[in-house]
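Enquirer: Structure incoming, see below.
Throughout, read-outs are computed from the coordinates displayed, never taken from laboratory work. Remember, predicted model here, so these are calculated numbers, not experimental data. With ideal geometry, Cβ positions are generated from the backbone for all residues, glycine too; neighbour counts draw on all protein chains shown.
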Amino acid sequence: MGEPAAGVGGRGSAVAALDQFFATFYRQRPVTATFTGLHQHDGRLPDWSPDGLAAARDEMAALRATLRAAGCPADGDVRAFPDDVDLALADATLEIAIAEHDSGHFVHSNPTQWIGEATFGILSLVTRPFAPLADRLEAAQTRLGAMPRFLAQARHTLLTASERWLQRADAEGAAAVELLGVTLPAWVAQRVSAGEAPRLDVTAWEAAAVRAAAALKDFLREAHLHDSAAPPSWAMRSSAPPKQSDREVAGPELLELLVRRGHWVTTPLAELLHEATDAVEHEASRLETLSRPYGGWPAVQELLAADHPPAERWLARFHERWQQCHDAASAHGLVTWPEAPLRYVPYPAHVKDAAPHLYYLHYRSPAPFDPFGTFDYVVPGLDDLTEAQTDARLRQWNESAITLNHVVHHGAIGHHVQNHHAYRGESRIGRVAAVDSACRIAMFSGGSLAEGWACYVCDLMEEIGFLTPLEAIAQQHTRLRIAARAVADLTLHLGLSDIAEVTAHYEDRARMAPAAARGEAVRNSMYPGAAVMYWLGTRGLHQLRAEVARRQGATFSRRGFHDRVLSYGAIPVALIARLMLAEETSA
């Protein structure tokens with residue numbers, strides 16, 4: 001697609017600069033490296049001490065200079081794919097990471113990030129069969145041994161935390177303590193007894209796990225979440241603790257950077273907010289219109305919940321709908337479906353109790369640099385439930401939820417197809433940016449395509465008649481929720497609303513249940529710029545498709561368009577649009 005823009009050192013210099021960027025990126029983020037399928041750091045946890053974070057910041061600033069010397073263009077001058085794109089997105093990743101560090105909003109104030117990094121540092125090794133179990137357990141033991149020192153760094157790094165973030169950390173931490181201290185050691189002992197890791201010293205592994213769990217418990221006690229009556233040490237270091245809103249709001253400067261360099265959207269934030277607000281009103285009105293013949297949205301929700309497979313057919317139904325989605329997409333020529341087998345399975349025994357309390361995703365993207373095989377999409381099972389509990393789970397995981405969320409959005413034409421296109425793409429950034437890590441994706445710039453595509457294809461499957469009438473109304477509610485999340489993200493971090501107001505917004509306008517609304521609002525506060533990417537990406541793909549179809553006329557092909565979009569990998573939708581439309585103009 002053309003040669004890169006001329007730089008000081010030419011293409012070889014650009015490749016060397018990107019090599020240096022990736023080596024530094026994964027060394028500073030060893031848990032992300034494991035999730036990506038790069039295993040030279042599997043025994044390590046990151047250095048989040050004040051000195052370690054300062055050194056990482058200095059190294060990233062120096063890397064930005066290296067990228068510029070190698071010919072990194074300004075965002076407005078990006079032309080060539082993949083070279084210009086990868087240099088610019090690497091630079092954006094570094095600028096965002098530096099800004100996040102300077103903001104104090106993340107590892108300096110969010111205890112859930114520490115819990116997630118520590119816990120998934122272990123889970124990334126024990127639940128994915130990328131190597132013999134013995135090798136993975138040895139690496140996990142090394143990480144367990146590093147966990148007390150890692151968590152002790154929080155005493156000097158973690159400055160403040162809001163009460164809501166502490167409450168979330170409390171729930172996640174309690175589950176992680178039980179997982180590390182009890183459940184995992186018992187599971188490892190069973191695996192060794194079964195001959196799966198014969199050389200492993202079970203006693204030493206269990207001792208490391210118990211010490212790690214104790215360190216996590218100390219971390220929680222230090223955070224004043226468990227049985228200590230003393231305030232946390234970091235709270236005593238400030239004579240004037242910041243207001244709660246100061247701890248939960250990123251502010252307009254960081255939000256603007258995240259939208260401009262993370263999502264490549266240059267529209268002023270006030271204008272974006274106006275557009276998103278209009279979208280909420282439009283989608284809410286449409287939901288009301290579609291629901292009215294059934295008695296309104298609550299009545300539709302009841303009908304959706306009642307429409308579920310019987311317990312004995314429940315797991316099989318995921319597979320049936322996956323195959324039906326595949327066949328419908330093929331019949332309608334929507335996209336080239338890569339060879340990427342997937343199966344739906346119950347949670348592994350060693351995580352099923354902890355998973356609901358952790359950031360344990362049902363679909364966690366396959367590691368792009370690990371060997372591909374049949375991918376396990378995990379769902380809660382129905383074993384050991386009472387009749388009432390079984391009925392409640394079936395109502396929650398009903399036909400609509402199976403189809404829209406767990407098949408179309410995640411396991412089939414959505415994330416799974418998009419990921420496997422990205423892994424075969426030319427962009428080095430695009431291959432890895434949307435990899436799921438401990439608490440969020442690897443690079444912020446991957447979000448608008450990854451989530452935008454997964455939401456867009458739900459619209460696409462409705463377009464070809466794949467959804468039932470009730471599922472189409474459920475999809476309309478999703479559109480409303482996507483727009484409402486954009487409004488929440490923007491208003492919260494611009495300082496125009498607080499978490500209580502965002503929660504009310506979700507309940508009143510997005511028609512979300514109270515618990516879901518509270519949870520969503522708290523996560524919005526933790527990760528600025530993340531909720532708006534669903535709306536930006538989905539809207540951007542619809543707009544791009546309409547424009548390409550207009551230009552190509554009778555020659556337009558949905559499969560050709562979608563394959564072309566996905567060929568760029570997980571890079572911002574706005575950037576994909578710029579590149580594609582420039583190619584259309586020059587063709």
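Enquirer: On the Cα set of the chain, report Rg and Dmax in Å, please.
Expert: Cα only, the chain: 23.6, 71 Å (Rg, Dmax).
Enquirer: I'd like the Karplus ³J(HN,Hα) series for the range 474-486: coefficients 6.51, -1.76, 1.60, θ = phi - 60°, whole numbers in Hz, and an x wherever there's a Gly or Pro.
Expert: Listing the rounded values in order: 4, 5, 5, 5, 5, 4, 4, 5, 4, 5, 5, 5, 4 Hz.
Enquirer: While we're here: Got a sec? How would His274, His105 order by Cβ neighbour count within 10 Å, fewest to most?
Expert: His274, His105
Enquirer: Kirkwood-based Rg over Rh for the range 450-523 (C-alpha set), two decimals? Spell out each step's value before the answer.
Expert: Values: Rg = 13.8 Å, Rh = 13.2 Å.
With Rg and the Kirkwood Rh in hand, the quotient comes to 1.05.
Enquirer: What does the charge add up to near Ser567, with Lys and Arg as +1, Asp and Glu as -1, over the other residues with Cβ less than 13 Å from its Cβ?
Expert: With Lys, Arg at +1 and Asp, Glu at -1, the net is +1.
Enquirer: Once the Cα gyration tensor of the range 10-242 is found, what semi-axes does its equivalent ellipsoid get, as square roots of 5 times the eigenvalues, in whole Å, sorted largest first? It would help to have the intermediate numbers written out before the result.
Expert: Details: eigenvalues 236, 140, 30 Å².
With the √(5λ) rule applied to the range 10-242, the semi-axes are 34, 26, 12 Å.
Enquirer: Here's something else I'd like to know. For the charge dipole of the chain, defined by +1 on Lys and Arg C-beta atoms and -1 on Asp and Glu C-beta atoms about the Cα centroid, which residue among Leu492, Gln389, Ala90 has the Cα displaced farthest towards the positive pole?
Expert: It is Ala90, whose Cα lies furthest towards the positive end.
Enquirer: Also: Of the chain, which part is the longest with no trypsin sites (Lys or Arg not before Pro) in a loop (DSSP not H, G, I, E, B) and with at most 15 other C-beta atoms within 10 angstrom?
Expert: Free of exposed loop sites, the longest segment is 1-198.
Enquirer: Obtain the nm distance between the two label points defined at Leu315 and Ala504 by a simple spin-label model: each point lies 7 Å from its Cα along the Cα-to-C-beta direction.
Expert: Between Leu315 and Ala504, the simple spin-label model gives 4.6 nm.
Enquirer: Measure off 7 Å from each Cα along the Cα-to-Cβ vector at Ala546 and Glu302, then give the distance between these two points in nanometres to one decimal.
Expert: 3.7 nm
Enquirer: Then there's this: Grab the beta carbon distance between Thr585 and Asp327, set R0 = 25 Å, and tell me the FRET efficiency rounded to 0.05. Could you put the intermediate results ahead of the total?
Expert: Values: r = 37 Å, r/R0 = 1.46.
In this case the efficiency is close to 0.10.
Enquirer: Could you give the distance between the Cα centres of the range 473-519 and the range 572-587, to the whole Å?
Expert: First find each Cα centre; the distance between them is then 32 Å.
Enquirer: Calculate, axis by axis, the spread of Cα positions in the range 252-539 along the three principal axes, and write the results as whole Å, longest axis first.
Expert: Per principal axis, max minus min of the Cα coordinates gives 51, 50, 41 Å.
Enquirer: With Kirkwood's inverse mean 1/r over C-alpha pairs for Rh, give me the Rg to Rh ratio of the range 135-207, two decimals please. Write out the running numbers ahead of the final one.
Expert: Numbers: Rg = 15.5 Å, Rh = 14.2 Å.
Reported Rg/Rh, Kirkwood definition of Rh: 1.09.
Enquirer: Using the crude model of +1 on Lys and Arg Cβ and -1 on Asp and Glu Cβ, and no other charge, please compute the dipole size for the range 525-572 relative to its Cα centre, in debye to 20.
Expert: 200 debye
Enquirer: Among Gly465, Pro185, Phe130, whose Cα projects farthest towards the positive end of the dipole of the chain, with charges put on the beta-carbon of Lys, Arg (+1) and Asp, Glu (-1)?
Expert: The residue sitting farthest along the positive end of the dipole is Phe130.
Enquirer: Then there's this: Against the globular-protein guess of 2.2 N^0.38 Å, express the Cα radius of gyration of the range 1-128 as a ratio, rounded to two decimals.
Expert: On the way: Rg = 16.2 Å, N = 128, 2.2 N^0.38 = 13.9 Å.
This ratio for the range 1-128 stands at 1.17.
Enquirer: If you place +1 on the Cβ of every Lys and Arg, -1 on the Cβ of every Asp and Glu, and leave all else neutral, what size is the dipole of the chain about its Cα centre, to the nearest 20 Debye? All intermediate terms of the calculation are to be shown ahead of the outcome.
Expert: On the way: 54 positive and 70 negative charges, 106 e Å.
Charge dipole, the chain, about its Cα centre: 500 debye, nearest 20.
Enquirer: Using only helices, what value at 222 nm comes out for the chain when you add -39,500 (n - 2.57) per DSSP H run of length 4 or more and divide by the total residues, to the nearest 500 deg cm²/dmol?
Expert: Value at 222 nm, helices only, nearest 500: -19000 deg cm²/dmol.
Enquirer: Arrange the following residues from fewest to most other Cβ atoms within 10 Å of their Cβ: Thr491, Thr93, Thr585.
Expert: Ascending Cβ contact count within 10 Å gives the list Thr585, Thr491, Thr93.
Enquirer: Determine ³J(HN,Hα), in whole Hz, for all residues of the range 128-141 in sequence, where each value follows from phi through the Karplus function 6.51 cos²θ - 1.76 cosθ + 1.60 and θ = phi - 60°; x replaces Gly and Pro.
Expert: Values, residue by residue: 10, x, 7, 8, x, 4, 4, 5, 5, 5, 5, 5, 4, 5 Hz.
Enquirer: When the Karplus curve 6.51 cos²θ - 1.76 cosθ + 1.60 is applied with θ = phi - 60°, which whole-Hz ³J(HN,Hα) does each residue of the range 459-470 get, with x for Gly and Pro?
Expert: My calculation for the range 459-470 gives 5, 4, 5, 5, 4, 8, x, 6, 8, 6, x, 5 Hz in order.
Enquirer: What list do you get for Leu290, Leu449, Leu137 if you sort them by fewest beta carbons within 10 Å? Provide the component values of the computation, followed by the final result.
Expert: Working: Leu290 19, Leu449 31, Leu137 26.
Ranked by crowding around the Cβ, least crowded first: Leu290, Leu137, Leu449.
Enquirer: Taking amide H positions as placed in the peptide plane 1.01 Å from N, state which residues far from Val379 in sequence (5 or more) or on other chains have amide H under 5 Å from it.
Expert: The answer is Val345, Tyr347.
Enquirer: On a full-extension model of 0.36 nm per residue, what is the gain between Leu382 and Asp51, subtracting their alpha-carbon distance, rounded to one decimal in nm?
Expert: Details: separation 331, 0.36 × 331 = 119.16 nm, distance 4.79 nm.
Contour length minus Cα-Cα distance gives 114.4 nm.
Enquirer: Given Ala212, Pro46, Met60, which one lies farthest toward the positive end of the charge dipole of the range 10-242, if we put +1 on the Cβ of every Lys and Arg and -1 on the Cβ of every Asp and Glu?
Expert: Working it through, the farthest residue towards the positive pole turns out to be Ala212.
Enquirer: Next question. How about the range 407-496: which GluC sites (Glu not before Pro) there lie in a loop by DSSP and see at most 15 other Cβ atoms within 10 Å?
Expert: Within the range 407-496, the qualifying GluC sites (Glu not before Pro) (loop, at most 15 other Cβ atoms within 10 Å) are Glu426.
Enquirer: Search the structure for amide H atoms under 5 Å from the amide H of Leu342, placed 1.01 Å from N in the peptide plane, and list their residues when 5 or more places away or on another chain.
Expert: Phe375
Enquirer: Also, I was wondering about something else. Based only on Cα atoms, what mean projected area does the convex hull of the range 385-446 have, in nm²?
Expert: 5.6 nm²
Enquirer: Shifting gears a bit: Please state the charge dipole magnitude for the range 435-587, taken about the Cα centre, from unit charges on C-beta atoms (+1 on K and R, -1 on D and E), reported in debye and rounded to the nearest 20.
Expert: Its charge dipole is roughly 240 debye.
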